[in-house]
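One structure is given here, and the rest of the page talks about it.
The numbers here are math on the coordinates, done by the rules we state, and not lab data. Being a predicted model, the structure only gives us computed values, none of them experimental. A quick note on method: Cβ atoms are made from the backbone with ideal geometry, for glycine too, and the neighbour counts reach across all protein chains shown.
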Amino acid sequence: MYWSNTYISTLRDDPQEAEIPSHKLMLRAGLIRRLSGGLYTYMPMGLRALRKVESIVREEMDRAGGIEVLMPAMQPREIWETSGRADILEGVMFQITDRQDRAMVLGPTHEEVITDLISREINTYRQLPRTFYQIQTKFRDEIRPRFGLMRAKEFIMKDAYSFDVSWDAADASYQAMYDAYVRIFERCGLNARAVEADTGAMGGNCSHEFMVLTDAGEDAIVECASCEYAANTERAERRIPSRSTSHSEALEPMSTVSTPNQRTIEDVSTFLDIPAERMIKTLIFNADGKPVAALVPGDRDVCEQKLAQLVGAKNFEAADEAMVKNATGAPVGFAGPINLDVPLFADRSLEGLCDGITGANQKDLHYCNVSIERDTTIQTFHDIVLVKSGDGCPRCDTGTLSERRGVEVGHVFKLGTKYAEAFGATFLDEGGDLQTLTMGCYGIGISRTLQSAIEQCHDENGIVWPSALAPFQVAILILKNDHEASCEAAASLCEELEAMGIDVIVDDRKERPGVKFKDSDLLGFPVRVVVSERSLAGDEFEVKLRTASDPVMISVAGAANSIKDLLP
RNA sequence: CGGGGCGUAGCGCAGUCUGGUAGCGCACUUGGCUGGGGGUCAAGUGGUCGUGAGUUCAAAUCUCACCGCCCCGACCA
């Protein structure tokens, strides 16, 4: 490919709209252009890189036994009513009507479509197991599109769906996808990590997210320093610290203490001169319109996802001021579990606490010497705190967890029979009995993976593509495009490399060398070959890896083979 | 939706506080000198100052409303 035959438009300055390195670089290198918030055009170089991600995904899905299909992006709304997800996804679905006034949606995902399809197609255990996948554009009316392709309103996703005869049989399908994902991100040159994950609106109870580790990530994960445990903080657990003081045999009677204008945990613990962890933090949440209380140690935060799952609420958020007042009878800041008439959920680490301090549901008043078992009526002790760096690993006895940021590029779920039941997706088993299919679903954000690669692989001069994703693996710069010998040498080298299956771009522009060097670095081609009058005089090309600081000279004869050997 | 910031040429910005009819760098066009890390000289092209209303003799500048973009929170591949 010749530079002058494609379209590459680079920018000198960082566009003001971009914040993180990968977004800036995608715009500067001319990989994408913005139409409006969360909507982007893939320019030629961006498209080429995107196609490379797609090819790797497709190859690995095929290798894992996946069968490719392509489903409609537009779907009748009624299938979402069948699955019961219409209201859950109301907020994120683009909804339209056709000329018959029929309600349609632009698909944010395809569990409904595939299950509807499979319910008609599969009748017998002889057709199982099967995994179908597609690579397709998804539409989500994101609350906040962000960071270019990282969170867009329209994005490209690979989604796969497995169908098995039973929950146990589905393990193999799940594992096959999990393994394929590991290979995919490895081949993409990404430092990704599988972590245990919350299932959210998807349902099911077993899932892993694949996280690209980078500070720009929107998710927090914790990992154990001594074992394999890693989890999204939305569901991560911790080892319950042992209680240093246990004087249950000598319980002090509960008493009140005046705390004028001391609202926050920090205020009260300073005012009473006691450590924050002896405080029982009581937070009121709105669970489908009803108040519930969460109790955690004063120095900890509640993990809302874990609590929402425990409570079993669809819509779950912090209660507003009115609900807090209504539930506790006191202004915000004085909530406590004593005589509080809402369901109480306490963190496991509070079990056995007998000298706690807590709000008295009355302005300017707290209780002390609170015994959680004696003085409150906790509904459930469960793990509900947000895990953080320094907490003990829940799996091994010795490990400590540390926190990292990550971008979720893939997610695998074991779904069970939720959708199959809704759509009547059944089959006849060997005994002739009607059974419900067991499903799994598996997503990879193709466009997000592309940008994550740049986020993870760049330096101050531009992108440093993993070889597998680079739009071109080799860039040949002709320093003077009116020097005939240079042009001929570049042309024949290009031809030889292409015959070897290597993607090559020849920069044949009439530009000064500096411009070509800068663009080549910005675009991040793994190998740069310079063809000039000077080097040609010695029958040599100058070759430099994007990651190397200095070039090497190779002889023109056999240059293609030498370059092939150099390819990372 | 709540909180914060921004909107002036394709990109990056100044001018706004203190009103007087728009400027700089890069890019782009033509020509010259150049030719190994975004060169240089000369001459040019390009702007309803986000939109609408208002105040004023006069608005990029002041007022109000709306729109768009970005960042922080709830959503997720």
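The label point for A:Arg348 and the one for A:Ser242, both projected 7 Å from the Cα toward the Cβ, are 1.6 nm apart. For segment A:455-516, a simple Cβ point-charge model (Lys and Arg +1, Asp and Glu -1, everything else neutral) yields a dipole of about 220 debye relative to the Cα centre.
For A:Lys325, no aspartates and glutamates have a Cα closer than 12 Å to its Cα, not counting residues fewer than 8 places off in the same chain. For chain A, adding -39500 (n - 2.57) for each run of n ≥ 4 DSSP H residues and dividing by the number of residues yields -8000 deg cm²/dmol at 222 nm.
A straight Cα-to-Cα reach below 24 Å connects A:Lys24 with the lysines A:Lys52, A:Lys138, A:Lys153, A:Lys516, A:Lys518, residues fewer than 8 places away in its own chain not being considered.
Beta bridges per DSSP, both residues in segment A:426-568: antiparallel share near 60 percent.
In nanometres, what is the gap between the two model label sites at A:Thr400 and A:Val92, each 7 Å from Cα along Cα-to-Cβ? Inter-label distance under the simple model: 3.6 nm.
Counting only alpha carbon atoms, the long axis of helix A:446-456 and the longest principal axis of chain A meet at about 90°. Taking amide H as placed 1.01 Å from N in the peptide plane, A:Val556 has its amide H under 5 Å from the amide H of A:Glu540, A:Phe541, each at least 5 places away in sequence or on another chain. Across segment A:11-19, rounded Karplus estimates of 3J(HN,Hα) from the backbone phi angles (6.51 cos²θ - 1.76 cosθ + 1.60, θ = phi - 60°) give 10, 7, 9, 5, x, 5, 6, 9, 10 Hz, Gly and Pro being marked x.
Between helix A:513-523 and chain A there is an angle of about 40 degrees, using the helix long axis and the longest principal axis of the Cα atoms. Taking 0.36 nm per residue of separation and subtracting the current Cα-Cα distance, fully stretching the chain between A:Ala318 and A:Ser226 would add 29.6 nm. Taking 16 Å as the cut-off, the amide N atoms of segment A:210-234 that come nearer than this to a point 7 Å along the Cα-to-beta-carbon line of A:Lys388 belong to A:220-223, A:233-234. The dipole here belongs to chain A: it is taken about the Cα centre, uses +1 on the Cβ of Lys and Arg and -1 on the Cβ of Asp and Glu, and is about 900 debye.
Rounded, prolate or oblate for segment A:98-151? Axes are the square roots of the Cα gyration tensor eigenvalues, ordered a ≥ b ≥ c, and the cut-off for rounded is a/c under 1.5. Here segment A:98-151 falls in the oblate category. Counted residue by residue at 0.36 nm each, then reduced by the alpha carbon distance between them, the extension gain from A:Glu460 to A:Asn561 reaches 33.3 nm.
For A:Lys518 and A:Trp167, FRET efficiency with R0 = 60 Å and r from the beta-carbon atoms, rounded to 0.05? Efficiency, rounded to the nearest 0.05: 0.60.
Looking at segment A:382-459, the GluC sites (Glu not before Pro) that sit in a DSSP loop and have at most 14 other Cβ atoms within 10 Å of their own Cβ are A:Glu430.
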